[in-house]
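*Asks:* The following block contains the structure, expressed as C-alpha cells.
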Amino acid sequence: RQISYRTPVTKSGSTVRIDALGDEPGAVALFFICSTSLVDTFRSIYGDQLNFEGDRCIWFGAGDEIPEAPIKHCIELALTYHLNK
C-alpha cells in the first residue's frame, strides 16, 4: 500500500507517492505521475545528486544518505506543478 500526498486545492499540484522500489531490497522511491515533465525537470536540476528511474521516480538505496534540500525542492515542484505550468 502506497502513501500518497496531494494538495488540498484541486488541480494545483501533482500527487507524490512513496513506496518500495520493486525488487530492490530496502530501496524506497518517490513516485510521480509519469505523463508529467516532473522527473525530467528534477533530472535537469539534480541529475548528479539523485537517482532516477525513467520518468516515474526518484529512488534511494537502503544505505543512501537522502539529500534533504533537493528532495524538498522536488516535492515542492510536484505539489505546485499545475500552478507553474
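*Asks:* Quick one: length gained pulling TYR5 to ARG43 fully straight, 0.36 nm per residue minus the C-alpha distance? All intermediate terms of the calculation are to be shown ahead of the outcome.
*Replies:* Details: separation 38, 0.36 × 38 = 13.68 nm, distance 2.10 nm.
Going from the current span to full extension adds 11.6 nm.
*Asks:* What is the order of GLU53, GLU76, GLU68, fewest Cβ neighbours within 10 Å to most?
*Replies:* Details: GLU53 15, GLU76 12, GLU68 8.
Placing the least packed residue first, the sequence is GLU68, GLU76, GLU53.
*Asks:* Could you line up CYS74, CYS34 from fewest to most neighbouring Cβ atoms inside 10 Å?
*Replies:* Numbers: CYS74 22, CYS34 11.
Placing the least packed residue first, the sequence is CYS34, CYS74.
*Asks:* With a 10 Å cut-off between alpha carbons and a GNM built on the chain, which of ILE66, ILE33, ILE18 moves the most?
*Replies:* Residue with maximal mean-square fluctuation among ILE66, ILE33, ILE18: ILE66.
*Asks:* Shifting gears a bit: Under a Cβ-Cβ cut-off of 14 Å, what is the net charge of the residues other than GLN2 that fall near it, where Lys and Arg count +1 and Asp and Glu count -1?
*Replies:* Its environment carries a net charge of +3.
*Asks:* Normalised by the residues of segment 3-84, what does the relative contact order come to in percent, with Cα pairs under 8 Å and at least six apart? It would help to have the intermediate numbers written out before the result.
*Replies:* Numbers: 127 pairs, mean separation 27.5, N = 82.
About 34 percent, as a whole number.
*Asks:* Under 5 Å between amide hydrogens, which residues at least 5 positions from LEU21 or on another chain qualify, with H placed 1.01 Å from N in the peptide plane?
*Replies:* Long-range HN contacts for LEU21: ALA27, VAL28, ALA29.
*Asks:* Further question on the same structure: Could you run the Karplus curve 6.51 cos²θ - 1.76 cosθ + 1.60 with θ = phi - 60° over segment 26-41 and give me ³J(HN,Hα) per residue in whole Hz, x for Gly and Pro?
*Replies:* Once rounded to whole Hz, the list reads x, 7, 10, 9, 9, 9, 10, 5, 6, 7, 8, 9, 4, 5, 4, 5.
Coordinate-derived values only; no laboratory data. Keep in mind that what you see is a predicted model, and the values were worked out from it rather than measured. Using ideal geometry, Cβ is built from the backbone for each residue, glycine included, and neighbour counts are taken over all protein chains shown.
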